[in-house]
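Take a look at the structure set out below.
The values are calculated or read from the model by the stated rules, or taken from the named source; none is laboratory data. Since the structure is predicted, the reported quantities are computational estimates derived from the model, not experimental observations. Methodologically, a virtual Cβ is constructed for each residue, glycine included, from the backbone with ideal geometry; neighbour enumeration extends over all protein chains shown. To get the accessible areas, we keep the full protein, side chains included, count just its heavy atoms, and leave off ligands, DNA and RNA. Shrake-Rupley method; radii C 1.70, N 1.55, O 1.52, S 1.80 Å.
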Amino acid sequence: MTVGRFRSCRDLLSLMLVLSLAGCATTRVDTLAEVPPMHSISEFKDQRFAEVADPWEGFNRSMYRFNYYFDKYLFLPVVNGYEFITPVFLQERISGFFNNLGEIRNFTNSLFQLKGTESVTTLGRFVTNSTLGLGGLFDPATSFGLERHDEDFGKTLGYWGASSGPYLVLPIFGPSSLRDAGGLAVDSGIRYGIYTAVDPFGSSDDSFAITSGITAMEAIDTRHQQSFRYYESGYPFEYYMVRFFYHEKREIEINKPLPSD
């Protein structure tokens, strides 16, 4: 690891620690008036988190606030209700089921990146958890030493040299980039193609209702597994910090060298 990469990782970890400590010292934003005001990037021009390309900042800020309101008034109440009525044991089984389905995305993108060992490991995880783990309800693969490797097409594009492009906040999905948004579309298309080919509920008269219910349950479980909450940090420049953390995290995940000081 180079000195520049070490310093960049050190700076990132330090900033994450500061932000997390600030979050512990603040309470959740509960009214519209408490949403932090917009700050100018010029206030932080000497900080590394100001370096992320963000030509669509006006749109992104609007989406960031939309996601906050969507979370607060619709999504999180549903998730909280689900967590209240569902025993923890059952929550873990549901998460395991959907995480196991996610191994298909991990496997295909490991293949796209020509990662042979990782592809075999991921396929082994999927087969093991789908059989011994009863469709992913349990995770014996981990106890067998088969480590999970999270992959997606955004990482695949980065692996083959595509830059992240401008920062982009997607409705509901949250922080992203032009590259990762394209990757999300490709992953969704591949998943839809596989589902259409398999068509597990095609013979049922209620196939649309079943599919819609599973999709809704997956969305609830995905948000249930995410601890991030908009505007809980208490920082007036949270938007910039989230943007920086997302960008640096993705660059590290695709093993790109970070810029030196």
Selection count, segment 84-103, where residues are part of a helix (DSSP H, G or I) and surrounded by 13 or more Cβ atoms within 10 Å (Cβ to Cβ)
13
Matching option when the condition is closer than 24 Å to Leu157 by Cα and part of a helix (DSSP H, G or I), among Asn106, Asn80:
Asn106
Could you check how many residues of segment 186-200 are part of a helix (DSSP H, G or I), surrounded by 10 or more Cβ atoms within 10 Å (Cβ to Cβ) and free of Cβ contacts under 8 Å to residues at least 24 places away in the same chain?
5
Out of the residues in segment 238-261 meeting the condition of being over 24 Å from Asp150 (Cβ atoms) and at pLDDT 85 or above, tell me which one is surrounded by the most Cβ atoms within 10 Å (Cβ to Cβ).
Tyr239
Within segment 117-144, residues of a type in the set (A, V, I, L, M), under 14 Å from Gly102 (Cβ atoms) and surrounded by fewer than 20 Cβ atoms within 10 Å (Cβ to Cβ) come out as Leu123
Is it true that Leu170 is modelled with pLDDT of 95 or more, in contact with a strand residue (DSSP E or B) (Cβ under 9 Å, 6 or more places away or on another chain) and open to solvent by 60 Å² or more (accessible area, probe 1.4 Å)?
no
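Looking at the structure I just gave you, is Leu74 in contact with a Phe, Trp or Tyr (Cβ under 8 Å, 6 or more places away or on another chain), farther than 30 Å from Trp160 by Cβ, surrounded by fewer than 14 Cβ atoms within 10 Å (Cβ to Cβ) and free of Cβ contacts under 8 Å to residues at least 24 places away in the same chain?
Working: in contact with a Phe, Trp or Tyr (Cβ under 8 Å, 6 or more places away or on another chain): no; farther than 30 Å from Trp160 by Cβ: yes; surrounded by fewer than 14 Cβ atoms within 10 Å (Cβ to Cβ): yes; free of Cβ contacts under 8 Å to residues at least 24 places away in the same chain: yes.
Criteria not met by Leu74.
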Please go through segment 84-128 and pick out each residue that is more than 15 Å from Asp150 (Cβ to Cβ) and basic (Lys, Arg).
Arg93
